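Participant: I am attaching a structure below and will ask some questions about it afterwards.
The values are calculated or read from the model by the stated rules, or taken from the named source; none is laboratory data. This structure is a prediction, so every number in the text was calculated from the model and none was measured. Cβ: placed from backbone, ideal geometry, glycine included. Neighbour counts: every protein chain shown. Protein only, heavy atoms only, side chains kept; ligands, DNA and RNA dropped before computing areas. Shrake-Rupley method; radii C 1.70, N 1.55, O 1.52, S 1.80 Å.
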Amino acid sequence: MSMILGLMILVIGGIGLIFIFKKPENEDSGVLSEKEEGGETQSRFVKSPSESNSKPRSGNSRLASIARKIENVRKEKGDSKLKSLAQHQVDAPPEDFFGRKTEIVNIVGRFKDGKHFNAFHGPRGIGKTATILKVVDKITPIFPEAQIYFNFDLADNPDTATSEAMAHVINSLSPGSKTPSNFEGLVAQYRKLLHGKKILLFFDNVRTSAEVLKLMPPSKSVGLILTSEEKLKIENMDWEKLEPLSEQNLKDLLNLWASRIGFWGAEIGRYAAYNPLAASLCGRFLNEFDSFDPEKFAKKLRDIFKEVEKTAPNRNQAGIETVLTILFLIIPDSVKLILSKLMQFRGSFYGDAEAFICEDKENIKLEMLVRLGFVEFNEHTDRYQIPPTIQRWLVTKLNKVNPGQTDLRRATFYMTRMQMLNDLFNSTLASKKDQALQLFDLDWKNFQAGQAWAQANCLKDNEIARICQGFAELGYPLLQLRQSAQNRLPWLEGGLLAAKNLQDEEGELNCLLFLGQEYNSVKNWKKAIESLEKSLALSQKQENPKVELDVLHGLGVAFLGQKNWNKALEHFQNEVKAADTIGEHSAILRAQEEIANTHLLAKDPGKAMEWLKMALETARNMNDSNSQTRLLSALGQAQLQSGDSQTAIETLQDALKSQVKSEDAKSIAGLHHNLGDAFLFTDEPAKAASSYQSASTLYQKIRDSLGHALSMGLHGACLMLAGDPEQGIKLANSSRSILRKIKATGEELRILGLMGDAFLKAGNWEEALKAGQNKRLLAQKTKNTDGEAQALQTMGEAMVGKKQPEEALPLFKNAVQLFGTRQPEKVKIIKDKIRALEKTPASSS
């Protein structure tokens, strides 16, 4: 049974979705609608087109019609409002804010004086966040472009909190772009988007100075304000310590909520430890339950405080725990039940999610919890959340209530919402794609929790299996732009498990194809081949030629990764035939280029040139100038590999002249890089250095860290060969540092080899020996036999230069052994050197 039919059954006969989907008289509501007040709705989104020919199925007409209905409601808000919400995230200050005038004046004054790095420290619940909200309200004109908020308490993992914060800033400022998948890429994009901008970053509940140092803005125009329990050692950061509120401020706060407190305000404040959070909870409770006697409340508070203080780490914590304890004893069991269910949310949530998942029609109990202070409502984003300080306490007090039903309702709700986001994402309007990704970012943790539960339980029930499959197929296009392969793979594995259990071959095919592509992206060639061979059989069985093209291509890439040239060529050539049959010219071009690349890697430049010329013809027929640039670059490389260096130089130079106005910066960079290779081959290091420098600059502009680092290193090595060792060594070592960070060992081996050659040419035998030794160690670590042999050869040459032939001989002999039969020309050269050395008197003795 297909997933589409399954979802329809789930909606019509499942677990009560009709109750939520039903449109009450004179009111629009539904599982997927956001909270609607005053004609406004709030949502967030982003973009991520998959290049695969096969797309996830769009879902059943029932769900699609609901999504369209919600979209009509959302139109009232408009895209500009959504963009504003993405970039202006700091909420208004709370209404019950008192005191802190001196601290606010100090911080605001420093911002106005151009001192843009400021922070508050103090214990939990003391009012750090609320005080910053007052500060931000006054300094927003200094940072008009954006105010970005991130709470470290809500990070998935303390070890990755800094990366999560960077990703949040990037996605907020550039919602339609792909989130970099590694830390170096995050740093580069983070700094680029902030550079020269008037943006305020508010990082709440930071734990360590190391977290902050990685997030320091790249320019003085950016403001940084943060909170922490402790004062952290951070250069140029000005700190203000928040103490407990004064007795008068506490009385004012309590009287705001319940003026009937009167005399007992001082007593309540004392046992709330003058903590603003604890006092606010007391006032809100006495306001909500106006029949509760303040005197009785104060005395009960006193008795509990005396017990709690014995084990609490400090008086402030004792105050918070005391207040939470007494409130939890008094509030109705029905409200505790809702709190238990709310603990299933990860981060913030919309009201419609709570209404369905917690079975709280019209959010009646949720609104009571807001009035009591157990839940915060952000009027700016229209989302709810249990404050982290309260959530930490509740974890120890609440038992999970009816977990199966609550978890099922959560998984169902968020899979249905994923359907809506998928429909938005498939829109032809870029603004709709951005919307989809903004909302995906907002609810990512809730999507993650719903999917994980569905995957863990998908074999127990077919409806749960359909939910699990829905997450995988509907969420995959958004995951591609927002999450790393490590986070995408579990979703697809869960979808595959569910599809098999449901005997849904269409769903199984989709998940197998996507899994194969993901395994290729993480270079797990064996698993990629296993997944793709299964999907090939299914695509042929289902007579789905477009999907078959993607499968064949993926198999070619996997076998290429295994260096199985023949198998790779077989699948790419089959892709050409299959694409030609159905007239898919882009797939023909893609496969032709891969065939040429495979021949190059297999050291068959003649065949590579044949296929490159065919690919060029295809690209010209398609009027694809960017592909032509890339192919000309590859043709020059093939000509160079064949030994025709002069023709290669002419090809590459002509290509550069014809592609001056091309927008494909990566292809242009490749042309410069290959031209550098050609000049290096013809022993023209100065010209090679100039070409590599141009390539490095272009790669840096498009944030291609590997291309930039390799070209920079080659630029430096060529400067050394051309007689400029000082600048050359500096560039080469900078390149090696970057290559080590991104674990590009093959490229670092190449740089070390050229550095060794340059030192040998300059007669700097000691440095040549060191370069050889470094290369040998790296080659041994990565089990690169040819790299180790080349390093031994360099070390042997250095020993000959140092007039130590007896040291050179064993190095040369080891190199010959390691090269074996793979490098006959090099082996011949080294053997000639060995024979010559063995004839010298020193080596004979």
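Participant: Only one residue in 416, 381 is under 27 Å from residue 456 (Cβ atoms) and hydroxyl-bearing (Ser, Thr, Tyr). Which one? Spell out how you get there, then give the answer.
Facilitator: On the way: 381 fails: under 27 Å from residue 456 (Cβ atoms).
Of 416, 381, the one residue that is under 27 Å from residue 456 (Cβ atoms) and hydroxyl-bearing (Ser, Thr, Tyr) is 416.
Participant: If you don't mind, another one. Of the residues that make up the range 750-772, is at least one open to solvent by 60 Å² or more (accessible area, probe 1.4 Å) and in contact with an Asp or Glu (Cβ under 7 Å, 6 or more places away or on another chain)?
Facilitator: No, the range 750-772 has no match at all.
Participant: I've got another one for you. Which of (1) under 30 Å from residue 442 (Cβ atoms); (2) in contact with a helix residue (DSSP H, G or I) (Cβ under 9 Å, 6 or more places away or on another chain) is the odd one out, the single condition residue 329 does not satisfy?
Facilitator: Status for residue 329: all satisfied but (1).
Participant: Let me ask something else. Is it the case that residue 745 is among the polar types (S, T, N, Q) and buried (at least 19 other Cβ atoms within 10 Å of the Cβ)? Break it down stepwise before answering.
Facilitator: On the way: among the polar types (S, T, N, Q): yes; buried (at least 19 other Cβ atoms within 10 Å of the Cβ): no.
When the stated conditions are applied, residue 745 does not pass them.
Participant: Which condition number does residue 829 fail, the rest of (1) free of Cβ contacts under 8 Å to residues at least 12 places away in the same chain; (2) aliphatic (A, V, I, L, M); (3) over 24 Å from residue 714 (Cβ atoms) being met?
Facilitator: Of the numbered conditions (1) free of Cβ contacts under 8 Å to residues at least 12 places away in the same chain; (2) aliphatic (A, V, I, L, M); (3) over 24 Å from residue 714 (Cβ atoms), the odd one out for residue 829 is (3).
Participant: Within the range 553-607, take every residue that is among the polar types (S, T, N, Q) and open to solvent by 20 Å² or more (accessible area, probe 1.4 Å) and give me the one that is nearest to residue 515 (Cα to Cα).
Facilitator: Of all residues in the range 553-607, those among the polar types (S, T, N, Q) come to 562, 564, 566, 573-574, 581, 586, 592, 597-598.
Checking the rest, the ones that are also open to solvent by 20 Å² or more (accessible area, probe 1.4 Å) come to 562, 564, 566, 573-574, 581, 586, 597.
Numbers: 562: 18, 564: 21, 566: 23, 573: 23, 574: 21, 581: 26, 586: 23, 597: 24 Å.
Looking at residues that are among the polar types (S, T, N, Q) and open to solvent by 20 Å² or more (accessible area, probe 1.4 Å), I get 562.
Participant: What are the residues in the range 773-822 that are acidic (Asp, Glu) and either more than 38 Å from the chain's Cα centre (by Cα) or outside the structural domain of residue 732 (by the TED database) (or both), if any?
Facilitator: Of the residues in the range 773-822, the ones acidic (Asp, Glu) are 786, 788, 797, 806-807.
797, 806, 807 - these are the residues of the range 773-822 that are acidic (Asp, Glu) and either more than 38 Å from the chain's Cα centre (by Cα) or outside the structural domain of residue 732 (by the TED database) (or both).
Participant: Right, something else. Which one is surrounded by the fewest Cβ atoms within 10 Å (Cβ to Cβ), of the residues in the range 125-145 that are touching a helix residue (DSSP H, G or I) at 6+ places or on another chain (Cβ under 6 Å) and of a type outside the set (A, V, I, L, M, F, W, C)?
Facilitator: Looking at the filtered set, the residue picked out is 138.
Participant: Check off (1) open to solvent by 30 Å² or more (accessible area, probe 1.4 Å); (2) assigned to a strand (DSSP E or B); (3) of a type in the set (Val, Ile, Thr) for residue 148 and give me the number that stays unchecked.
Facilitator: The one condition residue 148 does not meet is (1).
Participant: Of the residues 487, 501, 544, 524, only one is under 19 Å from residue 473 (Cβ atoms), under 23 Å from the mean Cα position of the chain (by Cα) and open to solvent by 40 Å² or more (accessible area, probe 1.4 Å); which? Talk me through it step by step, then tell me what you get.
Facilitator: Details: 501 fails: under 23 Å from the mean Cα position of the chain (by Cα); 544 fails: under 23 Å from the mean Cα position of the chain (by Cα); 524 fails: under 19 Å from residue 473 (Cβ atoms).
The conditions single out 487.
Participant: List every residue pair whose Cβ atoms lie under 8 Å apart, where the two residues are 6 or more positions apart in sequence or sit on different chains, the first residue falls within the range 611-636 and is under 16 Å from residue 572 (Cβ atoms), and the second residue, located anywhere, is among the polar types (S, T, N, Q) and surrounded by fewer than 23 Cβ atoms within 10 Å (Cβ to Cβ).
Facilitator: 615/627; 634/597
Participant: Is it true that some residue in the range 826-844 is assigned to a loop (DSSP other than H, G, I, E, B), open to solvent by 20 Å² or more (accessible area, probe 1.4 Å) and more than 27 Å from residue 733 (Cα to Cα)? Break it down into steps so the answer makes sense when it comes.
Facilitator: Taking the range 826-844 as the starting set, the residues that turn out to be assigned to a loop (DSSP other than H, G, I, E, B) are 839-840.
From what is left, the residues that are open to solvent by 20 Å² or more (accessible area, probe 1.4 Å) are 839-840.
With the extra rule that they be more than 27 Å from residue 733 (Cα to Cα), the set shrinks to 839-840.
Yes, because at least one residue in the range 826-844 is assigned to a loop (DSSP other than H, G, I, E, B), open to solvent by 20 Å² or more (accessible area, probe 1.4 Å) and more than 27 Å from residue 733 (Cα to Cα).
Here is a yes/no grid of residues against (1) modelled with pLDDT of 90 or more; (2) surrounded by 16 or more Cβ atoms within 10 Å (Cβ to Cβ):
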{"site": "213", "(1), (2)": "yes, no"}
{"site": "233", "(1), (2)": "yes, no"}
{"site": "263", "(1), (2)": "no, no"}
{"site": "274", "(1), (2)": "yes, yes"}
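Participant: Could I ask something else about it? So which pairs qualify, if the first residue must be in the range 771-791 and of a type in the set (Phe, Trp, Tyr), the second must be not in a helix (DSSP H, G or I), the Cβ gap must be under 7 Å, and the two must be at least 6 apart or on different chains?
Facilitator: Listed by first residue and then by second, the contacts come to nothing, as the list is empty.
Participant: Follow-up question, since we're still on this one. Determine which single condition residue 775 fails, assuming it passes every other condition in (1) open to solvent by less than 70 Å² (accessible area, probe 1.4 Å); (2) within 23 Å of residue 669 (Cβ to Cβ); (3) charged (D, E, K, R).
Facilitator: (2)
Participant: Examine the range 241-261 for a residue that is in contact with a strand residue (DSSP E or B) (Cβ under 9 Å, 6 or more places away or on another chain) and open to solvent by 10 Å² or more (accessible area, probe 1.4 Å), and state whether such a residue exists. Spell out the reasoning first.
Facilitator: Let us first name the residues in the range 241-261 that are in contact with a strand residue (DSSP E or B) (Cβ under 9 Å, 6 or more places away or on another chain), namely 241-242.
Checking the rest, the ones that are also open to solvent by 10 Å² or more (accessible area, probe 1.4 Å) come to 241.
Yes: the range 241-261 contains one or more residues that are in contact with a strand residue (DSSP E or B) (Cβ under 9 Å, 6 or more places away or on another chain) and open to solvent by 10 Å² or more (accessible area, probe 1.4 Å).
Participant: Turning to a different aspect of this structure: State whether the residues of the range 648-661 include one that is at pLDDT below 90 and farther than 18 Å from residue 636 by Cα. Talk me through it step by step, then tell me what you get.
Facilitator: From the range 648-661, those at pLDDT below 90 are 654-661; that's our starting set.
Checking which are farther than 18 Å from residue 636 by Cα leaves us with 661.
There is at least one residue in the range 648-661 that is at pLDDT below 90 and farther than 18 Å from residue 636 by Cα.
Participant: Going through 185, 196 one at a time, which residue ends up being open to solvent by 30 Å² or more (accessible area, probe 1.4 Å) and out of contact with any strand residue (DSSP E or B) (no Cβ under 7 Å at 6 or more places or on another chain)? Quick ask: steps written out before the conclusion?
Facilitator: Numbers: 185 fails: open to solvent by 30 Å² or more (accessible area, probe 1.4 Å).
Being open to solvent by 30 Å² or more (accessible area, probe 1.4 Å) and out of contact with any strand residue (DSSP E or B) (no Cβ under 7 Å at 6 or more places or on another chain) holds for just one of 185, 196, which is 196.
Participant: Is it fair to say residue 575 is over 25 Å from residue 615 (Cα atoms) and in contact (Cβ under 8 Å) with a residue 12 or more places away in the chain? Steps first, please.
Facilitator: On the way: over 25 Å from residue 615 (Cα atoms): no; in contact (Cβ under 8 Å) with a residue 12 or more places away in the chain: yes.
Spelling it out, it is not the case that residue 575 is over 25 Å from residue 615 (Cα atoms) and in contact (Cβ under 8 Å) with a residue 12 or more places away in the chain.
Participant: In the range 185-194, is there at least one residue being touching a residue at least 60 places away in the same chain (Cβ under 8 Å), among the hydrophobic types (A, V, I, L, M, F, W, C) and within 29 Å of residue 389 (Cα to Cα)? Spell out how you get there, then give the answer.
Facilitator: Within the range 185-194, the first condition is being touching a residue at least 60 places away in the same chain (Cβ under 8 Å), and the residues that meet it are 185, 188-189, 192.
Filter again for among the hydrophobic types (A, V, I, L, M, F, W, C), leaving 188.
Remaining after also requiring within 29 Å of residue 389 (Cα to Cα): none.
No: zero hits.
Participant: Given the structure, is residue 164 within 14 Å of the chain's Cα centre (by Cα), in a helix (DSSP H, G or I) and modelled with pLDDT of 90 or more? Break it down stepwise before answering.
Facilitator: Values: within 14 Å of the chain's Cα centre (by Cα): yes; in a helix (DSSP H, G or I): yes; modelled with pLDDT of 90 or more: yes.
Against the criterion (within 14 Å of the chain's Cα centre (by Cα), in a helix (DSSP H, G or I) and modelled with pLDDT of 90 or more), residue 164 qualifies.
Participant: If residue 290 passes every condition in (1) within 16 Å of residue 368 (Cβ to Cβ); (2) in contact with an Asp or Glu (Cβ under 9 Å, 6 or more places away or on another chain); (3) acidic (Asp, Glu) but one, which one does it miss?
Facilitator: Against the list (1) within 16 Å of residue 368 (Cβ to Cβ); (2) in contact with an Asp or Glu (Cβ under 9 Å, 6 or more places away or on another chain); (3) acidic (Asp, Glu), residue 290 comes up short only on (2).
Participant: Taking the options 354, 379, name whichever one is at negative phi, touching an Asp or Glu at 6+ places or on another chain (Cβ under 9 Å) and surrounded by 18 or more Cβ atoms within 10 Å (Cβ to Cβ).
Facilitator: Working: 379 fails: surrounded by 18 or more Cβ atoms within 10 Å (Cβ to Cβ).
Exactly one of 354, 379 is at negative phi, touching an Asp or Glu at 6+ places or on another chain (Cβ under 9 Å) and surrounded by 18 or more Cβ atoms within 10 Å (Cβ to Cβ), namely 354.
Participant: Which one of these is over 26 Å from residue 176 (Cα atoms) and among the acidic types (Asp, Glu): 508, 518, 473? Spell out how you get there, then give the answer.
Facilitator: On the way: 518 fails: over 26 Å from residue 176 (Cα atoms); 473 fails: over 26 Å from residue 176 (Cα atoms).
Being over 26 Å from residue 176 (Cα atoms) and among the acidic types (Asp, Glu) holds for just one of 508, 518, 473, which is 508.
So that you can scan it fast, the table gives a plain yes or no per residue for (1) touching a Cys at 6+ places or on another chain (Cβ under 9 Å); (2) within 30 Å of residue 193 (Cα to Cα); (3) assigned by the TED database to the domain that holds residue 185:
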position: 712; (1), (2), (3): no, yes, no
position: 732; (1), (2), (3): no, yes, no
position: 737; (1), (2), (3): no, yes, no
position: 750; (1), (2), (3): no, no, no
position: 753; (1), (2), (3): no, no, no
position: 758; (1), (2), (3): yes, no, no
position: 771; (1), (2), (3): no, no, no
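Participant: Take the range 793-825 and flag every residue that is surrounded by fewer than 17 Cβ atoms within 10 Å (Cβ to Cβ), in a helix (DSSP H, G or I) and in contact with a helix residue (DSSP H, G or I) (Cβ under 7 Å, 6 or more places away or on another chain).
Facilitator: Here is the first cut: in the range 793-825, the ones surrounded by fewer than 17 Cβ atoms within 10 Å (Cβ to Cβ) are 802-804, 806-807, 810, 813, 817, 820-822, 824-825.
Narrowing further to those that are in a helix (DSSP H, G or I): 806-807, 810, 813, 817, 824-825.
Within the range 793-825, 806, 807, 813 meet the criteria.
Participant: Can you find a residue in the range 698-719 that is farther than 25 Å from residue 186 by Cα, surrounded by fewer than 19 Cβ atoms within 10 Å (Cβ to Cβ) and not hydrophobic (A, V, I, L, M, F, W, C)?
Facilitator: No: the range 698-719 contains no residue that is farther than 25 Å from residue 186 by Cα, surrounded by fewer than 19 Cβ atoms within 10 Å (Cβ to Cβ) and not hydrophobic (A, V, I, L, M, F, W, C).
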